[in-house]
Amino acid sequence: MPNRDHVLALDIGGTKLAAGVMDRDGGLRSFVRTPTRAEEGPDAVVARLLALGREALAAAGHRPDAMVAVGIGCGGPLDPVTGRVLGPPGLPHWDDVPIVDLVTDAFGRPARLENDATAAALGEYRHGPWHDVRHMLYLTVSTGVGGGLILDRRLYRGAAGNGGEFGHVILDWNGRVCGCGQRGCVEAYASGSAIARRAVEALAGDEPSSLRDAATVTAEAVAAHAAQGDPLARRIWDESTAALGRAVAVMINMVEPQLVVLGGGVTRAGDALLLPVRRAALGQAMRPAAAAARIELSALGDTVGVVGAAASAFLHLDEGADR
């Protein structure tokens with residue numbers, strides 16, 4: 001019989017794939033990751049994901065039949081009921097991918113699909129140091145921007161399972177085109193891919209910049225050169241944190257959380273991201289909401305996607321047991 005205290009977790013991102021085996025208490029028995037290489041299309045990415053899952057199982061010393069379930073986190077839009085991914089902006093050609101069926105067939109265990117940021121919110125809430133909090137908003141700032149909500153200590157999924165798409169809060173209806181097809185979304189300004197894209201556009205001009213010497217222009221490179229005082233990089237970074245801070249202020253006004261947690265790859269910049277976002281968000285939110293909220297970086301760091309996918313699988317098992 002499978003061990004009801006262990007699940008395999010798979011995290012599908014636009015930049016990286018990650019996998020791990022986790023127990024019910026949040027203990028990671030293994031954690032592995034690899035580049036997504038999303039441009040290769042869904043068949044190649046799914047094959048790589050399944051191989052990574054097998055690697056995570058081997059690293060934990062488990063067989064697939066020792067797992068009670070598989071949790072899958074992926075950016076939306078998606079349908080968690082049918083287990084299909086429905087064209088996330090960061091995953092080209094993933095227009096109707098039956099990921100749950102593919103994972104179930106590969107590992108012989110029931111699988112559960114959850115929006116990755118929704119799952120990460122649950123993982124951060126259950127296994128981070130936030131146990132005194134009733135209302136928490138989680139925001140992932142990575143290839144894209146996503147989010148999740150804990151309301152009255154319960155995970156909020158929304159009517160179609162994609163609630164918390166905070167990356168598509170519109171800051172400027174005449175603004176930059178977003179990967180979702182709309183204009184002016186926060187994702188078009190503050191995601192890692194958008195920061196890099198805007199920097200490349202700026203470098204097309206004549207303005208001198210040490211960023212031209214970077215091997216690859218990434219959000220991480222923009223943050224590093226901004227910290228070193230490069231004016232072009234500083235301008236791009238400041239615009240990005242200002243946009244993110246404004247979006248967080250909007251979210252604080254809507255939800256009035258006690259805690260906003262920022263996660264995702266762009267947050268590796270640490271205080272260079274956290275402090276200006278915190279200052280902008282709390283300075284622009286309505287006074288009672290701002291007074292009630294604090295803004296912190298993720299306690300789980302790079303493992304939050306895997307921990308979240310696993311926590312979502314356990315929650316789904318528990319919800320089924322309660323019926």
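Looking at the stretch 243-323, the accessible area is 41 square angstrom per residue; that uses a 1.4 Å probe and ignores ligands, DNA and RNA.
For the options 162, 115, 253, a Gaussian network treatment of the chain with springs between C-alpha atoms closer than 10 Å singles out 253 as fluctuating the most. Phi angles across the stretch 118-125 convert, under the Karplus curve 6.51 cos²θ - 1.76 cosθ + 1.60 with θ = phi - 60°, into 3J(HN,Hα) values of 4, 4, 4, 4, 5, x, 5, 5 Hz, Gly and Pro given as x. According to a simple spin-label model (label point 7 Å from Cα along Cα-to-Cβ), what is the distance in nm between residue 319 and residue 34? The answer from the label model is 3.1 nm.
A DSSP coil position with no more than 11 other Cβ atoms inside 10 Å describes the following chymotrypsin sites (Phe, Trp or Tyr not before Pro) in the stretch 173-250: 173. How long is the gain from residue 43 to residue 93 if the chain were fully straight, where each residue apart is worth 0.36 nm and the alpha carbon distance is subtracted? Length difference between fully extended and current span is 17.0 nm.
Could you work out which residue, out of 179, 26, 205, moves most in a Gaussian network model of the chain, that is, has the largest mean-square fluctuation with Cα springs under 10 Å? Result for the chain, Cα springs under 10 Å: 205 fluctuates most.
Fully extending the segment from residue 284 to residue 173, taken as 0.36 nm per residue of separation minus the present Cα-Cα distance, adds 38.0 nm. Taking 248, 261, 177 as the candidate residues, the one with maximal mean-square fluctuation in a Gaussian network model of the chain, Cα springs under 10 Å, is 177. Put a dot 7 Å past the Cα of residue 213, heading toward its Cβ, do the same for residue 25, and the two dots end up 5.0 nm apart.
Please report the antiparallel percentage of the DSSP beta bridges confined to the chain, to the nearest 5.
55 percent
For the pair residue 151 and residue 271 in one chain, pulling the backbone fully straight at 0.36 nm per residue adds 40.5 nm over the alpha carbon distance. Checking every one of the GluC sites (Glu not before Pro) in the stretch 195-301 against DSSP loop status and a limit of 16 other Cβ atoms within 10 Å picks out no site at all.
Rounded to the nearest Hz, the phi-derived 3J(HN,Hα) couplings of the stretch 84-101 under the Karplus curve 6.51 cos²θ - 1.76 cosθ + 1.60 (θ = phi - 60°) are 10, 8, 10, x, x, x, x, 10, x, 6, 8, 7, 6, 9, x, 4, 5, 4, where x marks glycine and proline. Note that the stretch 25-78 presents 44 Å² accessible area per residue, ligands and nucleic acids not counted, probe 1.4 Å.
Modelled this way, with points 7 Å down the Cα-to-C-beta line, the labels at residue 294 and residue 82 are 4.4 nm from one another.
With protein chains left intact and a 1.4 Å probe, residues in the stretch 136-210 average 44 Å² of accessible area per residue.
For mean projected area of the Cα convex hull in nm², the candidate list reads [x] 16.4; [y] 15.4; [z] 18.6; the entry that matches the value derived from this model is [x]. Taking every alpha-carbon pair within the stretch 13-64, the share separated by more than 18 Å comes to 33 percent.
Only protein atoms count toward the accessible area here, which uses a 1.4 Å probe; on the chain, the carbon and sulfur part of that area reaches 52 percent. Can you compute the FRET efficiency between residue 66 and residue 200 using 1/(1 + (r/R0)^6), with r the Cβ-Cβ distance and R0 = 35 Å? Round to the nearest 0.05. It comes out at approximately 0.15.
Measuring between their Cα centroids, the stretch 1-39 and the stretch 257-313 lie 22 Å from each other.
The values are calculated or read from the model by the stated rules, or taken from the named source; none is laboratory data. Worth saying up front: this structure is predicted, and the values here are computed from it rather than measured. Cβ: placed from backbone, ideal geometry, glycine included. Neighbour counts: every protein chain shown. In case anyone asks, the SASA skips ligands and DNA or RNA and just uses the protein heavy atoms, side chains included. Shrake-Rupley method; radii C 1.70, N 1.55, O 1.52, S 1.80 Å.
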